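The values are calculated or read from the model by the stated rules, or taken from the named source; none is laboratory data. Remember, predicted model here, so these are calculated numbers, not experimental data. Backbone-built Cβ (ideal geometry, glycine too); neighbour counts: all protein chains shown.
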Amino acid sequence: MTQLRVMPDHNPDEVLLRTRDARRIAQELGSLGVEFGHWEIRTTVTSGTTSQELLDHYRDEVAELSVRAGMTVVDVAQFIPEPGPAWRERAAKARTTFLEEHRHAEDEVRFFAHGRGCFYLHLEERVYAVVCEAGDLISVPAGTRHWFDMGPVPEFSAIRFFREADGWVGDFTGDGIARTFPRLDALLEPGP
């Protein structure tokens, strides 16, 4: 389930806010310039679903957002569990890379069509952990320090939007802050 947890950047054990209310999440993030919304789920994603099939299901939404936000490149990032060590190795490497704090030169816009992942936004001496689920749309402003956790067994399909083909390339800050905060699997545990 979609969730927002806010913590001081110096104390990951102190929870300032925890909510699953989509309106409250959008309101909290919106006050920081982060767009958060929801699209209707139009298809069930399986291991056989191609990127093009996924894009075809969301053709109208993708076209509208691309025009509104000036995005010229759209693709799909997809991790669907597969048997064997090659997939586990690829997933572990990808998870480790994006678990480090970084920023991008352009907005990071993602629509989760399947599965989940967590964006950790480092803003105003706080960390906003946003667990995104299928149907969630998030737009993180350019230059925002953040990291992303796809979980120990990644499973998600996300439509990504860019202005430039290399818009996804991260500028890593070298700050070890991400190592001190709870991972996605811990955020999903029941709590207050």
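Of all the strands (runs of 3 or more DSSP E) wholly in region 104-150, which have at least 3 residues that are in contact with a Pro (Cβ under 8 Å, 6 or more places away or on another chain) and modelled with pLDDT of 95 or more?
Fully inside region 104-150 and qualifying: 126-133.
Would you point out the residue of region 19-35, among those that are charged (D, E, K, R) and closer than 16 Å to THR144 by Cα, that is surrounded by the fewest Cβ atoms within 10 Å (Cβ to Cβ)?
Of everything passing the filter in region 19-35, GLU35 is surrounded by the fewest Cβ atoms within 10 Å (Cβ to Cβ).
Can you tell me which residues in region 89-116 are among the basic types (Lys, Arg) and surrounded by 14 or more Cβ atoms within 10 Å (Cβ to Cβ)?
ARG95, ARG103, ARG110, ARG116
Check region 39-62 and report whether any residue there is touching an Asp or Glu at 6+ places or on another chain (Cβ under 7 Å) and within 30 Å of ASP13 (Cβ to Cβ).
Taking every residue of region 39-62 in turn, none turns out to be touching an Asp or Glu at 6+ places or on another chain (Cβ under 7 Å) and within 30 Å of ASP13 (Cβ to Cβ).
Only residues in region 35-54 that are without any contact (Cβ under 8 Å) to a residue 40 or more places away in the chain count as the first member; pair them with residues that are surrounded by 10 or more Cβ atoms within 10 Å (Cβ to Cβ) and β-branched (Val, Ile, Thr), Cβ under 8 angstrom, at least 6 apart or cross-chain, and list the lot.
Sorted first by the residue in region 35-54, then by its partner, the pairs are THR46/ILE80; SER47/ILE80; SER51/VAL76; GLU53/THR43.
Considering only region 58-100, state which residues are within 24 Å of THR173 (Cβ to Cβ), in a helix (DSSP H, G or I) and not small (Gly, Ala, Ser).
Of everything in region 58-100, those that are within 24 Å of THR173 (Cβ to Cβ), in a helix (DSSP H, G or I) and not small (Gly, Ala, Ser) turn out to be LYS93, ARG95, THR96, THR97, PHE98.
Counting only residues that are of a type in the set (Asp, Glu) and touching a Cys at 6+ places or on another chain (Cβ under 8 Å), how many does region 100-156 have?
1
Would you confirm whether or not region 142-151 contains a residue that is within 18 Å of MET1 (Cα to Cα) and out of contact with any helix residue (DSSP H, G or I) (no Cβ under 6 Å at 6 or more places or on another chain)?
Filtering region 142-151 for residues within 18 Å of MET1 (Cα to Cα) gives 148-151.
After this cut, where a residue has to be out of contact with any helix residue (DSSP H, G or I) (no Cβ under 6 Å at 6 or more places or on another chain) as well, the list is none.
For region 142-151, residues within 18 Å of MET1 (Cα to Cα) and out of contact with any helix residue (DSSP H, G or I) (no Cβ under 6 Å at 6 or more places or on another chain): absent.
Name the residue that is surrounded by the most Cβ atoms within 10 Å (Cβ to Cβ), counting only residues in region 60-81 that are among the small types (Gly, Ala, Ser) and modelled with pLDDT of 95 or more. Spell out the reasoning first.
Quick first cut of region 60-81, residues among the small types (Gly, Ala, Ser) only: 63, 66, 69-70, 77.
Okay, now just the ones that are also modelled with pLDDT of 95 or more, so 63, 66.
Details: ALA63: 11, SER66: 17.
Residue satisfying both the conditions and the ranking: SER66.
Which residue out of ALA186, ALA165 is part of a loop (DSSP other than H, G, I, E, B) and either among the polar types (S, T, N, Q) or more than 12 Å from ARG110 (Cβ to Cβ) (or both)?
Unique residue meeting the criteria: ALA165.
Considering only residues that are of a type outside the set (D, E, K, R), within 18 Å of the chain's Cα centre (by Cα) and at pLDDT 90 or above, look in region 158-176 and name the one that is farthest from VAL76 (Cα to Cα).
PHE172
GLY84: surrounded by 11 or more Cβ atoms within 10 Å (Cβ to Cβ) and closer than 27 Å to ARG183 by Cα, yes or no?
So GLY84 does not fit the description; no.
When the residues of region 131-183 are narrowed to those that are among the charged types (D, E, K, R) and touching a Ser or Thr at 6+ places or on another chain (Cβ under 7 Å), which ends up surrounded by the most Cβ atoms within 10 Å (Cβ to Cβ)?
Of everything passing the filter in region 131-183, ASP136 is surrounded by the most Cβ atoms within 10 Å (Cβ to Cβ).
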